[in-house]
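Trainee: Right, I'll just put the structure down here and ask away after.
What follows is calculated from the coordinates using simple rules that are stated; it is not laboratory data. The model shown is predicted, which means the values in this text are computed figures rather than measured ones. When we count neighbours, we look across all protein chains shown, and the Cβ atoms used for this are built from the backbone with ideal geometry, even at glycine.
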Amino acid sequence: MDKPERWTTHSQMSTPGRYLESITALPGDVGSLIHIIQGLLLHADWAAEYGLDATKLSVTARKTLPMAERLYDVLQRDGRPFENERPAERRSLGTCRDFALMLCSMLRCQGIPARIRCGFAAYFGGNWEDHWVCEYWDGRAGLWLLGDAQVDQMLTLRNRIEFDPADIPRSAFLTAGEAWLRCRAMQSDPNLFGHGDVTGLWFVKVNVWRDHYVLNDKETSGWDRWREASQAERSVPQREITLLDDLATHPAQKLIEIAPNWLT
């Protein structure tokens, strides 16, 4: 992969726009930023756990927004400075990717190399669930660490999570490429990986592509529309195996733009 410094540069999605000065002024340590984010965002799928009516969510709840738009939405709901924790009903609603994007953006504003990763988490009470986290560079240790700003007190207690959300064990989160290679080596059952009841090697393939795209500064892509694929299209043809093996092994290689077959 590229040198860590490459990941201090904002993408179109991670740039905070007119909010740059405010974000740069926030505390520089990962733990404090995670706490701040938890006071700004709320995951749409867990709305009921925070006492909200999940049937009345806003249009932004399932859409990954660019950081500048997300921060605008935050302030429209509650105009106080970003470091002020909002009550659940006044937080901006999003998904795990929004939590990862916000942490990535805030770290980049602090000059800390950071990037989003797409893969699978083992700490949501089931198998390996489709998930997005932020990977950031620890300069003193000389290695990449994983941070998950979504893991707040509610999730920690509900799922009996014992790790620090600023340092997720690699055993608890697999990048999509790692999951693919484990399945290919028959070290893991592909049916343990997926999103809800949609599981299997095909879904791992979807995330391999999404992780490849995000490491080329494309945090969203046509692969996000995987729900539109018919049952017949939810397969991994033999002719794709070699390419997917290569993408899984080298996810940050130059972007290979291939649209999902259900969009062509």
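Trainee: Using θ = phi - 60° and the Karplus relation 6.51 cos²θ - 1.76 cosθ + 1.60, list the HN-Hα couplings for the stretch 121-127 in order, rounded to whole Hz, with x at every Gly or Pro.
Mentor: 10, 9, 10, 10, x, x, 8
Trainee: Then there's this: Find the centroid of the Cα atoms in the stretch 96-123 and in the stretch 20-34, then give the distance between the two in whole Å.
Mentor: After rounding, the separation between the Cα centres reads 13 Å.
Trainee: In the stretch 200-264, which GluC sites (Glu not before Pro) are in a loop and have at most 14 other Cβ atoms within 10 Å, using DSSP for the loop call?
Mentor: Glu257
Trainee: Ok, one more. For the chain, what are Rg and Dmax over the alpha carbons, in angstrom?
Mentor: 17.9, 54
Trainee: Let me ask something additional. Can you give the extra length, in nm with one decimal, that the chain gains between Leu20 and Glu83 once fully stretched, where that is 0.36 nm per residue apart less the Cα-Cα distance?
Mentor: Values: separation 63, 0.36 × 63 = 22.68 nm, distance 1.40 nm.
In short, 21.3 nm is gained.
Trainee: Also, quick follow-up: Only residues of the stretch 64-102 count here: report those whose backbone N is under 17 Å from the spot 7 Å along Cα→Cβ of Lys56, or say none.
Mentor: Residues 77, 87-93 fall inside that zone.
Trainee: Can you give the charge dipole size of the chain about its Cα centre, rounded to the nearest 20 debye, using +1 on the beta carbon of Lys and Arg and -1 on the beta carbon of Asp and Glu?
Mentor: On the way: 30 positive and 36 negative charges, 74 e Å.
Result for the chain is approximately 360 debye, rounded to the nearest 20.
Trainee: Compute for the stretch 108-224: radius of gyration divided by Kirkwood radius, i.e. Rg/Rh, restricted to C-alpha atoms, rounded to two decimals.
Mentor: 0.97
Trainee: Would you mind getting the Kirkwood hydrodynamic radius of the stretch 91-168 from its Cα pairs, rounded to one decimal in Å?
Mentor: Details: mean 1/r = 0.0769 Å⁻¹.
For the stretch 91-168, inverting the mean 1/r across all distinct Cα pairs yields 13.0 Å.
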